[in-house]
1. Given (1) modelled with pLDDT under 90; (2) not in a loop (DSSP other than H, G, I, E, B), where does Leu129 come up short, assuming only one miss?
2. Output the residues belonging to the range 226-277 that are free of Cβ contacts under 8 Å to residues at least 40 places away in the same chain and not in a strand (DSSP E or B).
3. When the range 302-316 is examined, which residues are found to be farther than 18 Å from Ser261 by Cβ and either among the charged types (D, E, K, R) or open to solvent by 30 Å² or more (accessible area, probe 1.4 Å) (or both)?
4. Of these, Ala98, Ala45, Ala23, Ala89, which one is buried (at least 16 other Cβ atoms within 10 Å of the Cβ) and either assigned to a helix (DSSP H, G or I) or modelled with pLDDT under 65 (or both)?
5. Can you tell me how many residues in the range 291-301 are without any contact (Cβ under 8 Å) to a residue 60 or more places away in the chain, of a type outside the set (A, V, I, L, M) and surrounded by 14 or more Cβ atoms within 10 Å (Cβ to Cβ)?
6. Would you check if there is a residue in the range 203-219 being modelled with pLDDT of 95 or more, within 22 Å of Tyr130 (Cβ to Cβ) and assigned to a strand (DSSP E or B)?
7. If Leu118 satisfies every condition in (1) exposed (fewer than 15 other Cβ atoms within 10 Å of the Cβ); (2) at pLDDT below 90 but one, which is the exception?
8. Restricting attention to the range 220-239, which residues are touching a helix residue (DSSP H, G or I) at 6+ places or on another chain (Cβ under 8 Å) and modelled with pLDDT under 90?
Amino acid sequence: MLIRVVLLTVVFVCIVRSNKLIAQDIHFSQIEYAPLNLNPGLSGAHSVIQTNINYRSQWSSVTTAFNTIGVSIDGRLNETSTNKKGIIAAGLNLFSDASGTNSVSTTKVNLNLAYHLLVNSNSKIGLGLYSGFGQRSIGISNAQWGSQYLNGSYDSNYGTAEAIQNNQFIYFDAGAGAVYTYNSSDRYINQNKQRLLNAGLAVYHVNRPIYSFINANNEQLQMRWSGFINGVIEVQNSKGALAPGLYWNKQGPSSQIMYGSYFRISMVEASKYTGRIKAFIYHIGLFHRWNDAIIIKNILEWHTLSVGFSYDVNVSSLSRSSNLRGGFELFLKYSLQSKHISRSRIN
């Protein structure tokens, strides 16, 4: 128990004191369903309008849980225009993240704008920009410092030399991303003719905002590079499809790779002409976040609504403390397609 307390104290001191600390962005295991955290160019890329709500809780087996809530909405602004050569889209992305006992929290609001050039009937290339503001705060009323431990015992009467000049601050943030989409068909999943490919590269925090509680001007938020490639491959002569994905993030010296695949089963086929029968699809996925976790994902999709659950099985060196328990996620998605598109697509 004492070792755990000491470790948590060291982590907290690093958060508020070290100018060399590399702050890391939030991450979702179901990042494909938090599209504006993956690439701002995904605004309006696949839906007339879509809304995503995400919730993640992790590390409750080690310390006070780290909780993240995200909400985004994006849509097309010129969907009703005829003979258009491109899609103009906008989006709003919000999230709130609270970490650990002392509530190191971050809240962000970003506005996205995107344009997707229609290369041909199957392909489009998009560019998205975002800008917004973030607020970071820390609660220190319950903080326990290493200097308050004597002979392995904590005494709140011991003084500390820790001085936090700003327990909260606001910063401006901006970034950009590009995406490419190839879709061979808008037909139903069990007609075995769809080939879908998405790929993108984005950069977040291009302005490198100051990110310090102690007015350290040389402590800046590192840029985050985000790349992905995913798609849908029909399984011939069946009601199934594979949906593999590869996701990469790099922020300062830290990097993260997640890869795996869903297997999607069409439980109920949507009626092609009348639209009276709505599609019902089940997705089960197995992914691996390198040197961190095995991720099990489950999704139910009915017409315009999708709901998903995932669980991280921690397999890193922390597993001895976490007992393999990483975290769980929930998401809810609403996606409205064009009238001529009857099949939803993975982002």
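1. Of (1) modelled with pLDDT under 90; (2) not in a loop (DSSP other than H, G, I, E, B), only one is false for Leu129: (1).
2. Listed by number, the residues that qualify are Ser271, Tyr273, Thr274, Arg276, Ile277.
3. Step one: filter the range 302-316 for residues farther than 18 Å from Ser261 by Cβ, giving 302-305, 307, 314-316.
Once the filter is applied, which keeps residues that are farther than 18 Å from Ser261 by Cβ and either among the charged types (D, E, K, R) or open to solvent by 30 Å² or more (accessible area, probe 1.4 Å) (or both), the range 302-316 yields Trp302, His303, Leu305, Val307, Val315.
4. Ala23
5. So the count comes out to 3.
6. yes
7. (2)
8. Glu234, Ser238, Lys239
The values are calculated or read from the model by the stated rules, or taken from the named source; none is laboratory data. Every value quoted in this text rests on a predicted model; they were computed, and no experiment measured them. For neighbour counting, all protein chains shown are included, and Cβ atoms are generated from backbone atoms with ideal geometry for every residue, glycine included. All accessible areas refer to the heavy atoms of the entire protein, side chains included, with ligands and DNA or RNA removed. Shrake-Rupley method; radii C 1.70, N 1.55, O 1.52, S 1.80 Å.
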